[in-house]
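Before any comments, here is the structure.
The values are calculated or read from the model by the stated rules, or taken from the named source; none is laboratory data. Only a predicted model underlies this, so the values are computations on that prediction, with no experimental measurement involved. Please note: Cβ atoms are built from the backbone with ideal geometry, for glycine as well, and neighbour counts cover all protein chains shown. To get the accessible areas, we keep the full protein, side chains included, count just its heavy atoms, and leave off ligands, DNA and RNA. Shrake-Rupley method; radii C 1.70, N 1.55, O 1.52, S 1.80 Å.
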Amino acid sequence: MDNASPQSMMEPALSEAAAFVERTLDTLLPQPSGPESRVLEAMRYAALGGGKRLRGFLVLQSGRVFGVDRRAAGRVAAAIECVHAYSLVHDDLPAMDNDDMRRGKPSTHKAFDEATAILAGDALLTLAFGLIASPECHGDPFVRCELVSRLALAAGHAGMVGGQMMDIAFEGQEPPLPEITRLQRMKTAALFMFSCEAGAIMGKASAPLRTAIATYGQELGLAFQIADDLLDAEGDPALMGKAAQKDASKGKSTVVSVMGAERARSQAEALAHQALRHLDLFDEKADLLRAAAEFVVARRA
């Protein structure tokens, strides 16, 4: 990687990727019409017009490393952002985290209603699998099946949903650090891992290269979650577009609450460096992935 700072490399790259993913989503999300138009409006409200699109960025960059057509990778990036948007819609519901604001605007259930928000989340998750199962994503049906299988693993009971359940089960408790790490590996890192592995799957990479970039994604996701917990504890709500100190108010244990802010920050940095080592097999096409590993622990929003 050249002498440019991760921040200076990442900001324009993230902005460009976010704009590309936004345009792709705008094209692929259905336009509201008919008696079901309210749920379509809610889907678009939840998925468009906000967020760093970091998961989509990782799909695009891993695709670049393995020579994947950008339009095809864009469909997978849109799919992962639909899954992420669905998770936020459901996470904000009164039965879950009960948050009124998301990305600086009212949460979907506040802008619409709870029933519509639930259905919009369901529809976004379903749409994600439709996007990656389409021949427009990849000409090889075996590749498409592998993408579907890996996304299902990352998003379901063994991944994000299972992690969310652990998060709820641990409220008001003090689980040991290994259990908190397992929760975060499932709840957050699983989708990061898929986002990075997707390019290798689409590019039909060798097993060592696929393992390396997937493991990079897992370590990156764990570092990202610790940084997110630090922001929750110390960040500016105006910059984050949501309430701060939510975890403490709900009695949730995090790496930050167990280790303290300074040790947790050191742990996030160590994970970022571990992630970087997994990219040693790759050339300069992976430089933005290298910058991302340093960017996630230095971000302020």
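May I ask you to give the solvent-accessible area per residue for the chain, in square angstrom, as obtained with a 1.4 angstrom probe?
Here the residues of the chain average 43 Å² of exposed surface.
Just the number, please: carbon plus sulfur as a percent of the accessible area of the chain, 1.4 Å probe, no ligands or DNA/RNA counted.
Its accessible area is 55 percent carbon and sulfur atoms.
Would you check the accessible area of residue 167, probe 1.4 Å, heavy atoms only, in square angstrom rounded to 10?
Looks like 20 Å² after rounding.
What net charge is computed for the residues neighbouring residue 269, neighbours being all others with C-beta under 12 Å from the C-beta of residue 269, Lys and Arg scored +1, Asp and Glu -1? Don't skip to the end; give the middle numbers.
Working: positive: 263, 265; negative: 219, 262, 294.
Computed value for this residue: -1.
In debye to the nearest 20, how big a dipole does segment 149-301 give about its Cα centre with +1 on each Lys and Arg Cβ and -1 on each Asp and Glu Cβ?
For segment 149-301, the charge dipole is close to 380 debye.
With r defined as the distance between the Cβ atoms of residue 301 and residue 145 and R0 fixed at 35 Å, what FRET efficiency is calculated, to the nearest 0.05?
Approximately 0.40, to the nearest 0.05.
Between residue 98 and residue 280, what FRET efficiency follows from the Cβ-Cβ distance if R0 is 45 Å, with the result rounded to 0.05?
For residue 98 and residue 280, the calculated efficiency is 0.55.
Heavy atoms only, probe 1.4 angstrom, no DNA, RNA or ligands counted: give me 194, 282 ranked by accessible area, highest first.
282, 194
What pairs from 52/285; 52/110; 110/285; 105/285; 250/285; 252/285 go past 31 Å between their alpha carbons?
Details: 52/285 21 Å; 52/110 22 Å; 110/285 42 Å; 105/285 36 Å; 250/285 42 Å; 252/285 39 Å.
Flagged as over cut-off: 110/285; 105/285; 250/285; 252/285.
Between residue 19 and residue 177, what length in nm is gained on full extension when 0.36 nm per residue of separation is reduced by their alpha carbon distance?
53.1 nm
With only Lys, Arg, Asp and Glu charged, each at its Cβ (+1 for the first two, -1 for the last two), find how big the charge dipole of the chain is about the Cα centre; round to the nearest 20 debye.
Around 440 debye, computed over the chain.
If you put +1 on each Lys and Arg Cβ and -1 on each Asp and Glu Cβ, how big is the dipole of segment 1-108 around its Cα centre, in Debye rounded to 20?
Value, rounded to 20: 320 debye.
Work from the charge dipole of segment 1-108 (Cβ charges, +1 for Lys and Arg, -1 for Asp and Glu, about the Cα centre) and give the residue of 66, 94, 56 farthest towards its positive end.
Positive-most Cα among the choices belongs to 66.
Given the whole protein assembly as supplied and a 1.4 Å probe, what does the accessible area of residue 165 come to in Å², nearest 10?
110
5 Å is the cut-off here: which amide hydrogens, built 1.01 Å from N in the peptide plane, fall below it relative to residue 68, excluding neighbours closer than 5 in sequence?
none
Which of the listed residues, 112, 202, 225, is farthest toward the dipole's positive end in segment 97-251, when Lys, Arg count +1 and Asp, Glu count -1 at the beta-carbon?
Of the options given, the answer is 202.
Using the Cβ atoms and a cut-off under 12 Å, what net charge is assigned to the surroundings of residue 140, where Lys and Arg are +1 and Asp and Glu are -1? Walk me through the intermediate numbers first.
Numbers: positive: 144, 204; negative: 146.
That works out to +1.
Keeping all protein chains in the complex and leaving out DNA, RNA and ligands, what accessible area do you get for residue 273 with a 1.4 Å probe, in Å² to the nearest 10?
110
With semi-axes √(5λ) of the Cα gyration tensor in Å as the read-out, I listed (i) 37, 20, 17; (ii) 40, 23, 18; (iii) 26, 26, 18; which label goes with the value calculated from this structure?
Read-out taken from this structure: (iii).
When the helix-only estimate is applied to the chain (DSSP H runs of n ≥ 4, each -39,500 (n - 2.57), divided by the residue count), what is the mean residue ellipticity at 222 nm, nearest 500 deg cm²/dmol?
After summing the helix terms and dividing by the residues of the chain, the value is -22000 deg cm²/dmol.
Could you order 277, 71, 299, 103 so the one with the most accessible surface comes first? Probe is 1.4 Å.
71, 277, 103, 299
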